[in-house]
Amino acid sequence: MTRCTGTWGDSDLSMRTLSTPSPALIFPPTSPGFQNGRGSSTSSSSVTGETVAMVHSPPPTRLTHPLIRLAAKQQKEQAHIDRLPDQSMIHIFSFLPTNQLCRCARVCRRWYNLAWDPRLWRTIRLTGETINVDRALKVLTRRLCQDTPNVCLMLETVIVSGCRRLTDRGLYTIAQCCPELRRLEVSGCYNISNEAVFDVVSLCPNLEHLDVSGCSKVTCISLTREASIKLSPLHGKQISIRYLDMTDCFVLEDEGLHTIAAHCTQLTHLYLRRCVRITDEGLRYLMIYCTSIKELSVSDCRFVSDFGMREIAKLESRLRYLSIAHCGRITDVGIRYIAKYCSKLRYLNARGCEGITDHGVEYLAKNCTKLKSLDIGKCPLVSDTGLEFLALNCFNLKRLSLKSCESITGQGLQIVAANCFDLQMLNVQDCDVSVDALRFVKRHCKRCIIEHTNPAFF
């Protein structure tokens, strides 16, 4: 990153005002002397270990030297962007990530005022594995609290996915300063713990979207004990989260899922991919409390079986999306439960469920006629017979994956293509399908993208 050495650089050393945070707080300097957020440089873009973060005042409005004024005048005449009205500039700034917006605020006084327009700060988005995200959040929230001390009333979304240096301290800053927070994404931030998440959900009552995928220390979502005691009878002990992604939270167990279900009763989207300790008992708890779930993923949860499918089927027509990929204990029995009760299912991913046969596909096709996307790849017992049931019942099918289905032939594909005209994606990789069958599909489903491994078809 290029260091800022502008005409007001020297004045930054003596300024500790709540104005524009230095980009060095968003992107770490590339100086060799800067390691782990600590450095010995005295320039305005360096940040020492535990000192108060340097922030920058607005750029000066007038340059005193005649030659500088002349150069600035010529540059201003050549800058067509300065002719844009404020609303257009704000619209352009709205597409910039947080770090670039901070840089824009350092260009001139007009850009400074525009860059800190409250409408641009409904979202903070930071990325990067080496970023000192705790300090960046502290400085940004402090600046945004300038007009409303201690709280950022306009901030609704914080996205810091992949910022591996995020710790509980950064989440605590968010919890304390952002009472209107509605969306938080911290996927891949493996240093955060349950306690920090509890603080956020307790102090941000409007939080609806929470992504903690890849946060291996998170085992539960609940209110802090203090928050539970202070709650009014009208509020109860509920959390308003509707979207929760706990993919790759490996240590999540049935008891933790029980607590989540009991506190997050408004859940509509829940993703538990590769939560390998979840069993059918955890799904039973889930269905007791969370009766409004529309999308559910338990992919790679190897202990989930047909009994778990019986519990999921209690969602009935509310369930629209279900992923059970690589759940090897699920057979036609589980599919029959889903097909019988979840008639409005639109998406099903059953890849790698080797116990599913043509009978399971038949139940599904005859009961879930509005199915739009189906993945039954790596189900070796599914053959052309199952495809025929799909073709004759699921006319709205748009995506179909049959990857590595050894029993599928070109005849089954032709039946599908002749009946499912809206097919947009077909995966027949590692299937024994002739070129003529692929050409037949292409003729009847003109918008269909075919993924295949036949070198003769192009």
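Can you order the peptides 323-332, 132-141, 424-433 by their average number of other Cβ atoms within 10 Å per residue, highest first? Could the numbers behind the result be given before it?
Details: 323-332: 21.1, 132-141: 24.3, 424-433: 19.4.
So the order, starting with the most tightly packed, is 132-141, 323-332, 424-433.
Charges on Cβ only, +1 for Lys and Arg, -1 for Asp and Glu, centred on the Cα centroid of region 232-350; of 347, 263, 333, which one is farthest towards the dipole's positive end?
347
Near the amide H of residue 357, under 5 Å away, which other amide H atoms are found, from residues 5 or more places off or on another chain, if H is placed in the peptide plane?
Amide H to amide H, under 5 Å and 5 or more residues apart or across chains, residue 357 pairs with 332.
Quick check on my link table: of 314/366; 340/398; 217/314, which ones sit more than 24 Å apart, alpha carbon to alpha carbon?
Values: 314/366 19 Å; 340/398 22 Å; 217/314 31 Å.
Exceeds cut-off: 217/314.
Around residue 394, under 12 Å between beta carbons, what's the net of Lys plus Arg minus Asp minus Glu among the other residues?
Working: positive: 346, 366, 370, 372, 398, 399; negative: 362, 388, 422.
That works out to +3.
Below 8 Å, C-alpha to C-alpha, sequence gap of six or more: please give me the relative contact order for region 292-372 in percent. List each step's numbers first, then the result.
Details: 178 pairs, mean separation 25.2, N = 81.
Across region 292-372, relative contact order equals 31 percent.
Please turn the phi angles of region 252-261 into ³J(HN,Hα) values with the Karplus equation 6.51 cos²θ - 1.76 cosθ + 1.60 (θ = phi - 60°), one per residue in order, whole Hz, x for glycine and proline.
5, 10, 4, 5, x, 5, 4, 5, 4, 4
Using a 1.4 angstrom probe with every protein chain in place, what is the largest-first accessible-area order of 341, 243?
Values: 341 100, 243 60 Å².
Of 341, 243, the descending order of accessible area is 341, 243.
Can you list, largest first and rounded to whole Å, the semi-axes you get for region 270-365 by taking the square root of 5 times each eigenvalue of its Cα gyration tensor? Intermediate values should be presented prior to the final figure.
Numbers: eigenvalues 61, 51, 25 Å².
Computed over region 270-365, the values are 17, 16, 11 Å.
What FRET efficiency do you get for residue 157 and residue 266 if R0 is 22 Å and r is their Cβ-Cβ distance, rounded to the nearest 0.05?
Details: r = 19 Å, r/R0 = 0.86.
Computed FRET efficiency for residue 157 and residue 266: 0.70.
The values are calculated or read from the model by the stated rules, or taken from the named source; none is laboratory data. Predicted, not measured: the structure shown is a model, and the values here were computed from it. Cβ: placed from backbone, ideal geometry, glycine included. Neighbour counts: every protein chain shown. For accessibility, only protein heavy atoms count, side chains too; no ligands or nucleic acids. Shrake-Rupley method; radii C 1.70, N 1.55, O 1.52, S 1.80 Å.
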